[in-house]
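The values are calculated or read from the model by the stated rules, or taken from the named source; none is laboratory data. The structure displayed is predicted, hence computed values, not measured ones. A quick note on method: Cβ atoms are made from the backbone with ideal geometry, for glycine too, and the neighbour counts reach across all protein chains shown.
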Amino acid sequence: MAATTPLLQVRDLAVRYSNGDLALHHVSFEIKSPSFMAIIGPNGSGKSTLVKTSLGLIKPSRGTIKVMGYDSQKKSGKIRKLVRYVPQRDRIDLAIPMKVKDIVLMGRLLKKLPPRFATSKDIAIAKDALQQVNMEELWERPFPELSGGQRQRVLVARALASEGSILVLDEPLAGTDVESQNLIVEALGRYHKENDVSIIMVTHDLNPIHTLVEDVLLLKNTVIGLGEPCSIMDPELIKKVYGPTARIVEHSGHRYCMTHDSGIDRHD
Amino acid sequence: MIDIIQIIIESPFLQRAILGALLIAIVAAASGTFLVFRGLSFMASGVAHAALGGTALGIFLQDSGLVPWFDPILGALLFSVLVAAFTGYAGESGITQKMEVAVGVSFALSMSFAVFLMYYIPPYRVPQIWGYLIGDILLLNDLDIIMLGSTTLLLAVITLMFNKEFVYVSVDMEGSTAHGMNARAYHYLMLIVSALAIALATKAVGAILVYAIMVAPAAASNELVKSVRGVIFSVFLIALIAELAGIATSFVVFVSPSAIAGILAALSYILALQIKRLKEKVDVDIDDPALYPDDLKVTWIQSLSHEHEDEHEH
C-alpha cells in the first residue's frame, strides 16, 4: 500500500486564517510515500496552515487534501492514527508541572485508550527516544525549566517515542541553538533511514536539513516550487518568495539559501 | 484529644461540617487544580454567580406557576453547565484568554438576568436568591451532604479516570487532537463537571469558602510542587487543613469558620509566592555576573544619576 498511495495528495486547496484572510489558494500537488519532505517559505506563507489542514485541525474553504489516501475532513480519525505531531514550541503550556518523562510518554499514551497506563515497554521506548536527542539524563527534570532548545528536543523525542508512519513537525528548529539543531536533524535523518516512516517538516530555513530531505515544497500562499532541494534552490524561485535580498550560495556541491527571514509564524 | 472526639460524636452538625470540609477539599483537589492549570481560576466565582441567575429563574418559574416542579437548585445547575459549555466553546482552540473573557461575559449576563427576574418575583423570596451565595459549613443539612457527596464522588471518579486527558488538554490541545485523542470532549467534560461541583459546593458551604478553597491552595501548590500528582495531593492537604482550622477556631472565638479557612487558604498562596521568591533569589545570587552584563550596569548607574540631577533642579 505504501508504494502506491501518495503521502500527500492536494487538489485545488484554499484555506482561510481565522481572521478571514486567505492563507492558501490554488494549492495542488502530490508527494510520494515514504518521503522526508520539507515545507519552506517565509513567515505567513501558509506552511503551518497546510499541515494543520492535512490533520483535519482546520477546515479548508475549498478543495481537498488527502494523507495516505484519507481525506482530511472525512477520515481525520484514520489520519490521526498514523500521525505523530510536534506543534510549534510556544503551543505547549508551561503552567502545568510536567516532567520531561511526562511529555515524552504523552507520545505513547496519546495513542492508547483510557486509562492510558505506561507499561515498562513504554518507559523503555521513551528513554530510548530521549537518548536519541541526548536528553536521557533530564528524565526527571521539570519541562518548563528547560531552555528553548532543550524543550524542542524533548518534543522531538515525544514524536520519536510515539507510533505511526508519519511524523509531522512544525518549525522544530526555530529558536534553537546549533547543538540542538544538529541533534534534532541527525535524529530525524537516522530515524527516517532506519524505519519505514515519512517525515513532514515545516521550516523557514532549509539549510540544516538540506542534505537529508527528498522533497521540498516552496510555499508562498500557493505552490511556488516542488522538487529536490537543489532544484528548489533556484535564485529566481527563491527571490520570488523571500524577496530580492535572498542569495543562493554553492558549497561542496550543494546549494544553500541565505535570507533575512527567521522566526516562528503566529496566526491566532 | 478524647474531649474533642467526645464533642464530635455528640454533635451531628459537627460531623456534617467535617464531612463537608473533606468533600470540599476533594473538589478543590480534583477541580481547582485543573482550573488553575488552565489559567481559569476566575471560573469558580463566575460559575457561582451564574448559578445565582439560575436560582432566580427557578424561583420565578415556581412562583409564577409556569413550571411548579422546577426547584431553584435545578436552575442553578443548569446555568452553571451553560457557563461551562459557553466557556468551553470560546476556548476550543485552547486559548485561555478567550475562556476568561467568556467567563466574564456569562458572569455579567446571568447576574443581569437575576436582577431582571427579581422584579417579577415576590419580594419575600428575593433573599432566597442571594441566600444561594451565603452558605455555612456549620449549617449543612443531610440533603446538602448527600448532594455534595454524590457530585464529589462523580467528580472524583471522572478525574481519577481521565486525569491524564485533562492534563494533556491543558498542556497541548492541538498536539493531543493531532495524535487522535478526542481533546474537545475532554475539554468540555472537565469544565462541565467542575462547574457542577462548584455550583453545589457554593450552595452548601457558601461562596467565600468555595472561591478561597478552589483557587488559593491550587495556585500555592502550583508555585512550589513540581509534579501534577504532587499538586493534587498538596491542594487536598492545604484545603483540608484550612477548613478544619476554620471549624476549630470557630469553637474558641466567635467567628465564621469560612472566613478563617478563606484567610488561611489565601495566606498559603502568599507564603508560597514568598518561598518561591526566596528560592529564586538564591539562584540569582549564584549566576549574578551573568545576569548583569557591564553595559546594563552602566545604563543603570546613568539612569540613577539622572534621577539625582532632577531632584536638584526641583
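Numbers below:
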quantity	calculated
Residue check for A:HIS192: at pLDDT below 90 and within 16 Å of the chain's Cα centre (by Cα)	no
Selected residue (criterion: surrounded by the fewest Cβ atoms within 10 Å (Cβ to Cβ)) from residues of region A:109-125 that are within 12 Å of chain B (Cβ to nearest Cβ) and more than 24 Å from the chain's Cα centre (by Cα)	A:LEU113
Check on A:GLU186, without any contact (Cβ under 8 Å) to a residue 12 or more places away in the chain, under 17 Å from the mean Cα position of the chain (by Cα) and surrounded by fewer than 16 Cβ atoms within 10 Å (Cβ to Cβ)	yes
Some residue of region B:222-233 being part of a helix (DSSP H, G or I), buried (at least 24 other Cβ atoms within 10 Å of the Cβ), more than 14 Å from every other protein chain (Cβ to nearest Cβ) and in contact (Cβ under 8 Å) with a residue 60 or more places away in the chain	no
Residue list for region B:62-90, filter: over 18 Å from B:ALA204 (Cα atoms) and among the polar types (S, T, N, Q)	B:GLN62, B:SER64, B:THR87
Close pairs from region B:125-152: first closer than 22 Å to B:ALA56 by Cα, partner among the acidic types (Asp, Glu) and in a helix (DSSP H, G or I), Cβ under 9 Å, at least 6 apart	B:ARG125/B:ASP63; B:GLY135/B:ASP144
Qualifying residue in region A:142-156 (condition: assigned to a loop (DSSP other than H, G, I, E, B) and more than 11 Å from chain B (Cβ to nearest Cβ))	yes
Every residue from region B:98-120 that is free of Cβ contacts under 8 Å to residues at least 60 places away in the same chain and hydroxyl-bearing (Ser, Thr, Tyr)	B:SER112, B:TYR119
From the options A:ARG247, A:ARG158, residue that is at pLDDT 95 or above, touching a strand residue (DSSP E or B) at 6+ places or on another chain (Cβ under 8 Å) and charged (D, E, K, R)	A:ARG158
Filter result for A:SER48 (more than 10 Å from chain B (Cβ to nearest Cβ), part of a helix (DSSP H, G or I), under 21 Å from A:VAL223 (Cβ atoms) and touching a residue at least 12 places away in the same chain (Cβ under 8 Å))	yes
Yes/no for A:ASP128 being in a helix (DSSP H, G or I) and within 14 Å of chain B (Cβ to nearest Cβ)	no
Residues (at the interface with chain B (Cβ under 10 Å from one of its Cβ atoms) and aromatic (Phe, Trp, Tyr)) located in region A:57-91	A:TYR85
Filter result for A:SER54 (within 14 Å of chain B (Cβ to nearest Cβ) and under 15 Å from the mean Cα position of the chain (by Cα))	yes
Single match in A:ILE238, A:ILE199, A:ILE248, A:ILE224 (criterion: touching a Ser or Thr at 6+ places or on another chain (Cβ under 8 Å) and in a strand (DSSP E or B))	A:ILE199
Selection from region B:151-197 of residues that are more than 7 Å from every other protein chain (Cβ to nearest Cβ), surrounded by fewer than 20 Cβ atoms within 10 Å (Cβ to Cβ) and closer than 22 Å to A:ARG89 by Cα	B:ASN182, B:ARG184
Qualifying residue in region B:55-72 (condition: of a type in the set (Val, Ile, Thr), surrounded by fewer than 24 Cβ atoms within 10 Å (Cβ to Cβ) and more than 14 Å from chain A (Cβ to nearest Cβ))	yes
Lone unmet requirement of (1) buried (at least 18 other Cβ atoms within 10 Å of the Cβ); (2) within 9 Å of chain B (Cβ to nearest Cβ); (3) free of Cβ contacts under 8 Å to residues at least 40 places away in the same chain; (4) assigned to a helix (DSSP H, G or I) for A:MET106	(3)
